[in-house]
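Quick notes on the structure that follows.
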Amino acid sequence: MKKSFLLSSITLLLFNLMPVHHTTSRLNPEQILPTFSPTDRSIYKDGLIPEYQNILNELPYASMYELKFNIADDMSQITGSETVIYTNAEDIELKEIKFRLFANVLGGEMHVDEVHVNGEIIIPNYTLDDSLLTVPLKQPLQPRKPSP
């Protein structure tokens, strides 16, 4: 039996802030806004052993993820949403953001129903046997360098 993963919603919040919402018709973007602060990494501190807790201060632009999902009673399908807070820490502007749909590489099935960028529906591009989802950005995401 082939297991499937329906990623019914991904929200990507980009710093310099440009939100990207992946949603289904069952959810609206207001329902999937992040419930955590994009700059508060303290929520991760308790999950780290003491000698690694200070590393949170050294990673100001590390991506943060919030996942909400439901597993079917028969364990054959997972539906849910994902919020990603992403900062462009590269030296160049980004004209697209890429998501890897690993379930499609590993013999499963993953679908993203809709993608929204700044409230507008965007058509993503799928490549590599539907395992790479590329979200084009209408306005490039500028680099953000750490403050000295």
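The values are calculated or read from the model by the stated rules, or taken from the named source; none is laboratory data. If you're wondering where the values come from, they're calculated on a predicted model, not measured in any experiment. We place every Cβ from the backbone using ideal geometry, glycine too, and count neighbours over all the protein chains shown. Calculation scope for accessible area: heavy atoms of the full protein, side chains included, ligands and nucleic acids excluded. Shrake-Rupley method; radii C 1.70, N 1.55, O 1.52, S 1.80 Å.
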| message | For the condition more than 24 Å from Asp40 (Cβ to Cβ), modelled with pLDDT of 90 or more and polar (S, T, N, Q), what is the one hit in Thr127, Thr79? | response | Thr127
| query | Of everything in region 125-148 that's in a loop (DSSP other than H, G, I, E, B) and within 30 Å of Glu58 (Cβ to Cβ), which residue is least open to solvent (accessible area, probe 1.4 Å)? | reply | Pro143
| task | Could you please find all residues in region 78-124 being in contact with a strand residue (DSSP E or B) (Cβ under 6 Å, 6 or more places away or on another chain), over 23 Å from Pro143 (Cβ atoms) and in a strand (DSSP E or B)? | result | Ile78, Thr79, Gly80, Ser81, Glu82, Glu109, Met110, His111, Val112, His116
| said: Tally up the residues in region 58-76 that are open to solvent by 50 Å² or more (accessible area, probe 1.4 Å) and either part of a strand (DSSP E or B) or modelled with pLDDT under 90 (or both), please. | reply: 11
| Within the set of pairs 6+ apart or on separate chains, which have a first residue in region 97-121 that is over 13 Å from Leu133 (Cα atoms), a second that is open to solvent by less than 60 Å² (accessible area, probe 1.4 Å) and among the polar types (S, T, N, Q), and C-beta atoms under 7 Å apart? | Gly108/Ser4; Glu109/Ser4; His116/Thr23
